[in-house]
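Please read the structure below before turning to the comments.
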């Protein structure tokens, strides 16, 4: 058996052993870079309206052509992506931190704390996501994508259940009791032994939640709840193109394609990491 | 020789877990994992605790090491009663008593190198700097007969026997006075088992560590211990010196244990008698002696009176109403 | 003394080799082993974990996973089981050969009542009316000393203790009076007393029903106490086969000697156990020549160079150069 | 056993009230304290209690009154615009949403389970790969893109199915397909992992060792034991399906709870929002309860642990 230097190098080597995983990662990074550096790439300001050149076919100067108000569509798609990724990542971070913290507290300390928090999580699950978005929207006004908080809160139940199950599995292992017998305090045990063992799985769950967040975020965009025009994310762009679907199908298909590309690559990265972890354990 | 000083004493220790019963009215019945156990361990002695699984010996081990707080009774380590102390102080005193667990593969953190696991106790108690900790880890590895290249390996790359040696090394890092081995050789093969037992024996002599050796395998307990306590359903039913217990055990359960130990050479198999039936459920124990339902020598009074601890011979206690009057021949 | 005449052999295994295709490449868990099982005999297989004893047992009844390559032949009354198709094997399993596993808790389907499980086996092999099946099940449960068979039929497996479930497994295996019962570490997960009861039960059923048994265990004591003949396995090979008394009193192979010497029951307290140095090699890098040479106290240059042939000597077989000269010319 | 079910039924009321309290307080907080137009009946048994405790129209008393009206007299109050009581508006819409949810669940089960069984039975052959590829794709494509593709094919080019509305049963086909797509992927995945985990359990090889033929082994033992985890996860999935049907309704402009809720929020009519949320929360909690019930009925071990008092976490 080859001596393994350290666990992380192992996982990375196992991950990149399959070409599919590398392609997925490159795809995702490409999309992120495109969206982040959109202002440099886009030929003209995406908001300037050219009444006489509406629905121009994709051409060399304007790769994605123009939309119903003659605005450069490449700019709109990229800036739409920027908004989607910003909102999704913000929501994932909130949901991830709260969910993991709740999961660890419930999983590790158990009984009273566990039942109280789990009862609260269950009631949270009973509130449908749509309502959550609308309530946050009313509360914080229609500002710039306030539904990101709703997205984050909606993610908490699933994460808490997952992390709680993992922590409870680890807690019954003997090395936790062994470190307690050496004299580690509860906090030391959590940080030294529990966190660094569930860390790879947490990252996997983070990826899965991020993919879910991107999907749900575009759904809110499509239903035009959460923010007002001219702000538009991929979902809204797809909704705009719905009416002219038969004549100009690319208006809807291009943003849909970018959503699918992003989410598919995220899922592929997730599966690749899952297999890489599988081999190690 | 002068009476060795008692370093670990348990007084009327018991641990009860409530078990919910159907119906709100009925009083929730109680699982007595450990029921009124009193033990003492003297300097340099090895106290063996033997009993079937589910008799509460692991719970007792964890209570002796202060890992679990007893429902009632107390544990005195070097005369110190932990119930009064805060968690922090208890952790400070925990240096003197260390535990070795059953499954070596699960007793070490799979995500950390062996050197980190070995140095952890020293770091936790801030005994020495990082370099000294690595050096101390190397010495510990040598002490348990392992070479240095195991330092930079993960637990999954080593065999059960090697891992158990590392657990022993880690337990000795803090130079404890008492070592509690909870079934620490049960998960090993015969050859590994023998090597680990020998290691424990000479560490005991070299470092003058007294031990509490817990196992379900009477042969291993007999080899390691100077005194043996037999546990059944949370109670110590008999306690005596090793040879004393082997030659003239008083409690029927001890006799049953002795006769069902698979012995390779037939000489050890002559006092052969079998129990019938299974262990009763520990949740609501039958009245009187808990062994009455399976004991071939049980009389009517065994089912009514709860037996008291009785010292038949010097250093030999038993928990049987008919102690001394059963003749084992028939 | 072997129990009966030569001619009625139940099982003859010749040069059986079992190879595994895994991610780390090809590896042979069992290498060219041969043994016989006579009618009504209990053949014990003893060896440490990884020696291939359990894989051998599973190959006889055809329960090995797909990534396995088998060669050599297993003759059951002249029929080579390795050549059978899955359909033919199904007729043999349960009818002529059946198996009992180590984990009683996991061997019974939790979604069915005991009665349904027993009835299913009867209906598969010789279908009869439900009353007849129930009568045969009850009769079998009585034979395996189950206290209240009628009530037990209605229960689910998870409601019963480990010992009870193992008895039901044995009853199920012997329902259709198979010629051979394979018991893979049947008592390892049980307590000492229940273990004694199950081993006695196996001996009694072997006498009563004449079923020959292959008993596998890592504990020399269990095999010595229950088996008539013993085969010692090390690293995928049978290193020694002999009647149990001959093997115990004067073992020939150094590994058997080492195993017997490191049993804790041999030494009383104080001196160290004689141990076998080193650890069991993994099947991915097997030592050259005789696989035990790197741990053998009597190893000579020839041992490392060349694998010893199997030596037959008045009913005993041993795989060791040391005895080769003495019996070759003697 | 029935004691446990009774206990669970009683538990529904408090959790429902808790959910509504959360929404109610959020809405009151949102309207910055001024009580929104809650036209509720007065002069009934409750008023006597309020007089007795001489309670005025504080926040909590209005909440209690609202719940009292809803639970006791199923009266969600009346909305100012249409004059119809909200109950009349809500009930038909609840019917449509539940219909969509139930149909999607059935489709998911009917399509997902066989696919999962096929994938688990013959590992890494075409069925297994098909299942994993389809799961990956289905979970990466958002529901509205599915809608567009279906609309493009069936409504625009083939002209077979209506684009929206609920004239006849055909208009339910596409919404059901879109809602159930996501959970088909999940059902296949759950079935596959449940079956493969049962297949390498010890009692399966033990039964095989008893000579039980492979066909009987598959149906009697493998499927029977994997049924419990499949159904329990599917049931737990039901709440998610309801959530997604609320969304898919808007793609096909089906006048059901989803669109009603969005419209109510846009024109700030909080009585409707509260009424609608109350109904949705009730539906979700009932579905979860039904899921637990189904769970208990199938799994003998769970049934035994409950009747013997150790009612473990279901």
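Scanning the range B:223-265 for residues that are within 13 Å of the chain's Cα centre (by Cα) and at the interface with chain C (Cβ under 10 Å from one of its Cβ atoms) turns up B:224, B:225.
Of D:170, D:191, all but one fail to be crowded, with 17+ Cβ neighbours inside 10 Å and either touching a helix residue (DSSP H, G or I) at 6+ places or on another chain (Cβ under 7 Å) or away from chain C (no Cβ under 14 Å) (or both); the exception is D:191. Residues that are part of a strand (DSSP E or B) and over 16 Å from residue C:313 (Cβ atoms) were ranked within the range C:221-271; the one that is nearest to the other protein chains (Cβ to nearest Cβ) is C:234. In summary, residue D:121 fulfils each of the numbered conditions (1) in contact (Cβ under 8 Å) with a residue 24 or more places away in the chain; (2) surrounded by 18 or more Cβ atoms within 10 Å (Cβ to Cβ); (3) more than 26 Å from residue D:249 (Cβ to Cβ) with the single exception of condition (2). Screening the range A:174-239 for helices (runs of 4 or more DSSP H) wholly inside it with 2 or more residues that are over 19 Å from residue A:90 (Cβ atoms) and at pLDDT below 85 returns no ranges.
Screening residue C:161 against (1) farther than 30 Å from residue D:295 by Cβ; (2) under 27 Å from the mean Cα position of the chain (by Cα); (3) away from chain D (no Cβ under 12 Å); (4) free of Cβ contacts under 8 Å to residues at least 60 places away in the same chain leaves a single unmet condition, (1). Would you tally the residues in the range D:194-203 being within 10 Å of chain C (Cβ to nearest Cβ), surrounded by fewer than 18 Cβ atoms within 10 Å (Cβ to Cβ) and in a helix (DSSP H, G or I)? Selection size over the range D:194-203: 1. The residues listed here are D:115, D:105, D:111; of these, the one that is surrounded by fewer than 21 Cβ atoms within 10 Å (Cβ to Cβ), modelled with pLDDT of 85 or more and in contact with a helix residue (DSSP H, G or I) (Cβ under 7 Å, 6 or more places away or on another chain) is D:111. Of all the numbered requirements in (1) surrounded by fewer than 20 Cβ atoms within 10 Å (Cβ to Cβ); (2) away from chain C (no Cβ under 14 Å); (3) part of a helix (DSSP H, G or I), residue B:175 misses one, and that requirement is (3). Taking helices (runs of 4 or more DSSP H) as the structural unit, those lying wholly within the range C:104-157 and holding at least 1 residues that are facing chain D (nearest Cβ under 10 Å) and touching a residue at least 12 places away in the same chain (Cβ under 8 Å) correspond to C:104-107, C:114-125. Whether any residue in the range C:75-98 is farther than 30 Å from residue C:157 by Cβ, buried (at least 21 other Cβ atoms within 10 Å of the Cβ) and not assigned by TED's automatic domain parsing to the domain that holds residue C:126 is what I want to check. For the range C:75-98, residues farther than 30 Å from residue C:157 by Cβ, buried (at least 21 other Cβ atoms within 10 Å of the Cβ) and not assigned by TED's automatic domain parsing to the domain that holds residue C:126: absent. Those residues that are more than 13 Å from residue D:288 (Cβ to Cβ) and touching a residue at least 60 places away in the same chain (Cβ under 8 Å), I need them from the range D:227-242; list them, please. Listed by number, the residues that qualify are D:227, D:228, D:230, D:231.
Every residue, every condition in (1) under 24 Å from residue D:139 (Cα atoms); (2) within 12 Å of another protein chain (Cβ to nearest Cβ), yes or no:
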| site | (1), (2) |
| --- | --- |
| D:217 | no, yes |
| D:224 | no, yes |
| D:235 | yes, no |
| D:251 | yes, yes |
| D:255 | no, no |
| D:294 | no, no |
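No other residue among D:238, D:206 is in contact with a strand residue (DSSP E or B) (Cβ under 8 Å, 6 or more places away or on another chain), part of a helix (DSSP H, G or I) and buried (at least 17 other Cβ atoms within 10 Å of the Cβ) apart from D:206. Here is a check on your reading of the model: is residue C:18 part of a strand (DSSP E or B), at pLDDT 85 or above and surrounded by 20 or more Cβ atoms within 10 Å (Cβ to Cβ)? Taking the combined requirement at face value, the residue satisfies it. Give the residue that is nearest to residue A:234 (Cα to Cα), with candidates limited to residues of the range A:18-47 that are exposed (fewer than 14 other Cβ atoms within 10 Å of the Cβ) and modelled with pLDDT under 75. If we take residues in the range A:18-47 being exposed (fewer than 14 other Cβ atoms within 10 Å of the Cβ) and modelled with pLDDT under 75, then A:47 is nearest to residue A:234 (Cα to Cα). Condition (residue is part of a loop (DSSP other than H, G, I, E, B) and farther than 26 Å from residue C:190 by Cα) applied to the range B:183-205: is it met by at least one residue? Within the range B:183-205, none of the residues are part of a loop (DSSP other than H, G, I, E, B) and farther than 26 Å from residue C:190 by Cα. Taking the range B:148-166 as the range and being buried (at least 24 other Cβ atoms within 10 Å of the Cβ) and either more than 13 Å from chain C (Cβ to nearest Cβ) or outside any helix (DSSP H, G or I) (or both) as the test, only B:166 passes.
Go through the residues of the range C:308-319 one by one and say whether even a single one is buried (at least 18 other Cβ atoms within 10 Å of the Cβ) and within 11 Å of chain B (Cβ to nearest Cβ). Within the range C:308-319, none of the residues are buried (at least 18 other Cβ atoms within 10 Å of the Cβ) and within 11 Å of chain B (Cβ to nearest Cβ). Highlighted here are the strands (runs of 3 or more DSSP E) found entirely within the range B:229-330 that include at least 2 residues which are touching a helix residue (DSSP H, G or I) at 6+ places or on another chain (Cβ under 6 Å) and at pLDDT 80 or above: B:235-241. Scanning the range C:189-218 for residues that are touching a helix residue (DSSP H, G or I) at 6+ places or on another chain (Cβ under 8 Å) and in a loop (DSSP other than H, G, I, E, B) turns up C:189, C:190, C:191, C:211, C:218. From the list C:25, C:44, C:52, the lone residue that is assigned by TED's automatic domain parsing to the domain that holds residue C:247 and surrounded by fewer than 22 Cβ atoms within 10 Å (Cβ to Cβ) is C:25.
Exactly one residue out of A:156, A:203 is farther than 30 Å from residue B:106 by Cα, away from chain D (no Cβ under 13 Å), touching a residue at least 12 places away in the same chain (Cβ under 8 Å) and within 19 Å of the chain's Cα centre (by Cα), and it is A:156.
The values are calculated or read from the model by the stated rules, or taken from the named source; none is laboratory data. Note that the structure is predicted; figures quoted are calculated from it, not measured. Positions of Cβ are generated from backbone atoms using ideal geometry, with glycine treated the same way; all protein chains shown enter the neighbour counts.
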